[in-house]
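*Asks:* The structure is given below, and queries will be raised subsequently.
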Amino acid sequence: MSETARIILNGQEYELPVIEGSEGEKAIDISKLRGMTGYITLDSGFKNTGSTKSAITFLDGEKGILRYRGYPIEQLAEKASFLEVAYLLMYGELPNADQLSYFTDSITHHTLVHEDMRRFFEAFPTDAHPMGILSSMISSLSTFYPESQNPNRPFKDIELTIHRLIAKLPTLAAQAYKNNLGHPLTYPDNKLSYTENFLNMMFGLPSNDYTIDPIVNDALNKLLILHADHEQNCSASTVRIVGSSQANLYSSISAGIAALWGPLHGGANQAVIEMLETIREDGSGLQTWVDKAKDKTDSFRLMGFGHRVYKNFDPRAKIIKKAADDVLAALGVNDPVLDIAKELEEVALKDEYFVARGLYPNVDFYSGIIYRALGIPTEMFTVMFAIGRLPGWIAQWKEMIENGDPIGRPRQIYTGANARDYVPVENR
Ligand code: MLT
């Protein structure tokens, strides 16, 4: 007999179904609660509320488990390419050789963006944050491909939109960077892999013979894989709820980019380096700042530590930590900011105050370090997160459409003024 939950309201007992997922997670299905009882539930931030059923990503915050379509993140980060993982997340299975070849070829041949978009870049202030540029540019793609606006479009059009997004986001990101520098654009090179092409567009110039360091390329591939999806995080939930109104995929992804920009979400990796630079410039020493972080009367908090879902450790952080150590050693990077990072990491891993509160270095702490070591500019860190997260956002949007999920429309508990009559201004 399937499990049920019983609640008693005003002396009356109600029974609600319990559902169980493939990994033993359980939920009380309250979809009929209001109709049965007149009551709704309240859960600000949805920390106890599931918004959907999903077969894409499984994570266990207590055990530090993260799997994409059942494959452990540790294996994918070590053995797969980012495009393989993107395919896995969006289509449900690892691609065979023919599928990977077709997917890679299609992505490679959609990397160019319409030359008319150059005018948009020129219209932004030279110091415009690339996340603001990217969110605008991605939304504007829906105007260059108006067929994407049709909610009843045939699947082949959705697949073309998916390939265009995966292909063009790195191009737009690199062009935003070059535009801010006032440097000439480096166009996509179809002879290069996805990650090599991005590095070349970012750092290649007609005047330099930029060579792609395989260590940097491998680290970038790993970083993009580790950021590819994370179940119903803030930006993925944003993509789902925007898409649930039948808004087109470009607009839904643009909304996801906007949500990711926040320092409490994807902006945390940029905030980590800015915090480390503040500590270095202050010069009073790391301990001063550690004490400030512990002082409840001080507003300073350490960025890049702990996680709202992982209680003991973030499995992605363990992988990135090793990659960061390898890259720093291999590239012989000598950076005082990164020296402070290593000191702070040591404190956080040993100091009882941080250990007791689960304030261990998280994925944003180490990704900020490794992006800096790879030569990625600080304002581009969250852009890197967006490039990695794009296939996850698309997979979540696609699953929402395929499952026929309804438009997202949460309820509320009203706490404002009760009914009252209008008073003319002269009598107020
Ligand atoms: C993410 O990967 O999206 C972040 O860890 C935030 C989250 O999952 O809530």
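The values are calculated or read from the model by the stated rules, or taken from the named source; none is laboratory data. Quantities reported herein were computed from a predicted structural model and do not represent experimental measurements. Every residue, glycine among them, receives a Cβ derived from its backbone with ideal geometry; neighbour counts consider all protein chains shown. The protein model used for the area step is the full one, side chains on, heavy atoms only, and it has no ligands, DNA or RNA in it. Shrake-Rupley method; radii C 1.70, N 1.55, O 1.52, S 1.80 Å.
*Asks:* Select from S284, A373, N362 the residue farthest towards the positive end of the dipole of the stretch 268-374; place +1 on Cβ of Lys and Arg, -1 on Cβ of Asp and Glu, and compute about the Cα centre.
*Replies:* The one lying farthest along the dipole's positive direction is N362.
*Asks:* Given a 1.4 Å probe and every protein chain left where it sits, what share in percent of the accessible area of the chain is carbon and sulfur? Before the final figure, lay out the partial values.
*Replies:* Working: 11220 of 21460 Å².
The computed percentage sits at 52.
*Asks:* Arrange the residues I241, I8 by how much accessible surface each exposes, largest first, with a 1.4 angstrom probe.
*Replies:* Listed by decreasing accessible area, they come as I8, I241.
*Asks:* Same structure again: Quote the relative contact order of the stretch 4-50 in percent (integer), defining contacts as alpha-carbon pairs under 8 Å separated by 6+ residues. Spell out each step's value before the answer.
*Replies:* Details: 44 pairs, mean separation 11.6, N = 47.
Dividing the mean separation by the residue count of the stretch 4-50 yields 25 percent.
*Asks:* Using the Kyte-Doolittle scale, which helices in the chain average at least -1.0 and also have C-alpha atoms spread 27 Å or more along the helix axis, with helices defined as whole DSSP H runs?
*Replies:* Details: long enough: 155-181 (39 Å, 0.05); 381-402 (32 Å, 0.49).
In the chain, the long hydrophobic H runs are 155-181, 381-402.
*Asks:* To make sure I understand the rule: partners must be lysines, Cα under 21 Å from the Cα of K32, and not fewer than 8 residues away in the same chain. Which ones qualify?
*Replies:* Within the straight-line limit of under 21 Å, K32 reaches these lysines: K47, K53.
*Asks:* Taking only Cα atoms and a 10 Å spring cutoff, compute GNM fluctuations for the chain and point out the largest among R240, R409, R372.
*Replies:* So, out of R240, R409, R372, the one fluctuating most is R409.
*Asks:* Let me ask something else. Lys/Arg Cβ at +1, Asp/Glu Cβ at -1, dipole of the stretch 96-245 taken about the Cα centre: which of I241, I158, M137 is farthest positive-ward?
*Replies:* Positive-end residue among those listed: I241.
*Asks:* If you place +1 on the Cβ of every Lys and Arg and -1 on the Cβ of every Asp and Glu, how big does the dipole about the Cα centre of the stretch 242-363 come out, in debye to the nearest 20? Let's see the in-between values first.
*Replies:* Values: 14 positive and 17 negative charges, 133 e Å.
Value, rounded to 20: 640 debye.
*Asks:* Taking the Cβ of L226 as the centre, find all other residues whose Cβ is under 12 Å away and add up their charges (Lys, Arg: +1; Asp, Glu: -1).
*Replies:* +1
*Asks:* Here is a follow-up. Search the structure for amide H atoms under 5 Å from the amide H of L205, placed 1.01 Å from N in the peptide plane, and list their residues when 5 or more places away or on another chain.
*Replies:* Y210
*Asks:* Calculate, for the chain, the solvent-accessible area per residue in square angstrom, rolling a 1.4 angstrom probe over the heavy atoms of the protein chains.
*Replies:* Heavy-atom SASA per residue in the chain reads 50 Å².
*Asks:* Here's another thing I want to ask about it. Using the Cβ atoms and a cut-off under 13 Å, what net charge is assigned to the surroundings of K156, where Lys and Arg are +1 and Asp and Glu are -1?
*Replies:* Working: positive: R153, R164; negative: E147, D157, E159.
Charge balance in the 13 Å sphere: -1.
*Asks:* Would you mind calculating the relative contact order of the chain from Cα pairs under 8 angstrom and at least 6 residues apart, reporting the percent as a whole number? Working shown, then result.
*Replies:* On the way: 537 pairs, mean separation 82.7, N = 428.
Result for the chain is 19 percent.
*Asks:* Any idea how far the Cα center of the stretch 21-97 sits from the one of the stretch 118-179, in Å?
*Replies:* Centre-to-centre distance over Cα atoms comes out at 27 Å.
*Asks:* Where Rh denotes the Kirkwood radius from the mean inverse Cα pair distance, what is Rg over Rh for the stretch 1-122?
*Replies:* Numbers: Rg = 22.3 Å, Rh = 19.0 Å.
Using Cα coordinates only, the ratio equals 1.17.
*Asks:* So for the stretch 24-108, averaging the separation of alpha carbon pairs under 8 Å that are six or more residues apart and normalising by length, what relative contact order in percent results?
*Replies:* Working: 48 pairs, mean separation 12.2, N = 85.
Value for the stretch 24-108: 14 percent.
*Asks:* Also, I was wondering about something else. Which loop-located chymotrypsin sites (Phe, Trp or Tyr not before Pro) does the stretch 165-272 contain, where loop means any DSSP state but H, G, I, E or B and the Cβ has at most 14 other Cβ atoms within 10 Å?
*Replies:* When the chymotrypsin sites (Phe, Trp or Tyr not before Pro) of the stretch 165-272 are filtered for loop state and at most 14 Cβ neighbours within 10 Å, Y210 remain.
*Asks:* So how many Å³ per residue does the convex hull of the Cα atoms of the stretch 4-50 work out to? Each step should come with its number before you reach the end.
*Replies:* Numbers: hull volume 3.8 nm³, N = 47.
Each residue corresponds to 81 Å³ of Cα convex hull volume.
*Asks:* Alpha carbon centre of the stretch 356-422 versus the stretch 281-305: separation in Å?
*Replies:* After rounding, the separation between the Cα centres reads 26 Å.
*Asks:* Jot down the radius of gyration and Dmax of the chain, Cα atoms only, both in angstrom.
*Replies:* Both quantities, over Cα of the chain: 23.6, 79 Å.
*Asks:* Something else now. Okay, helix-only estimate at 222 nm for the chain: each DSSP H run of n ≥ 4 adds -39500 (n - 2.57), divide by all residues, round to 500 deg cm²/dmol; what do you get?
*Replies:* Here the helix-only value at 222 nm equals -16000 deg cm²/dmol.
*Asks:* So which GluC sites (Glu not before Pro) in the stretch 52-137 pass both tests, a DSSP loop state and at most 13 other Cβ atoms within 10 Å of the Cβ? Don't skip to the end; give the middle numbers.
*Replies:* Numbers: sites: E62, E74, E78, E84, E93, E115, E122; in loops: E62, E93, E115.
For GluC sites (Glu not before Pro) across the stretch 52-137 that sit outside H, G, I, E and B with at most 13 neighbouring Cβ atoms in 10 Å, the list reads E62, E93, E115.
*Asks:* Would you kindly calculate the translational diffusion coefficient of the stretch 339-428, applying Stokes-Einstein with the Kirkwood radius from alpha carbon pairs, for 10 °C and a viscosity of 1.306 mPa s, and quote it in µm² s⁻¹ without decimals?
*Replies:* Numbers: Rh = 18.9 Å.
My calculation gives 84 µm²/s for D.
*Asks:* May I pose another question? Note down the Stokes-Einstein diffusion coefficient of the stretch 246-403 in µm²/s, whole number, using a Kirkwood radius over alpha carbon pairs, 10 °C, and 1.306 mPa s. Don't jump to the answer; show the numbers that get you there.
*Replies:* On the way: Rh = 16.8 Å.
This corresponds to a translational diffusion coefficient of 94 µm²/s.
*Asks:* Now for a separate question. If the cut-off is 17 Å between C-alpha atoms, which lysines fall inside it for K318, apart from same-chain ones fewer than 8 positions away?
*Replies:* Straight-distance partners of K318: K63, K79, K222, K342, K350.
*Asks:* Next up: Using a cut-off of 12 Å between beta-carbons, work out the net charge of the residues near I212 (Lys and Arg +1, Asp and Glu -1, I212 not included).
*Replies:* On the way: positive: K191; negative: D189, E196, D209, D213, D218.
Within the 12 Å Cβ shell, the charges total -4.
*Asks:* List the trypsin sites (Lys or Arg not before Pro) in the stretch 166-213 that DSSP assigns to loop (not H, G, I, E or B) and whose Cβ has at most 15 other Cβ atoms within 10 Å. Which are they?
*Replies:* Numbers: sites: K168, K178, K191; in loops: K191.
Listed in order of number, the matching sites are K191.
*Asks:* Could you check how many percent of all C-alpha pairs in the stretch 39-83 are farther apart than 11 Å?
*Replies:* Numbers: 740 of 990 pairs.
Within the stretch 39-83, distances greater than 11 Å cover 75 percent of Cα pairs.
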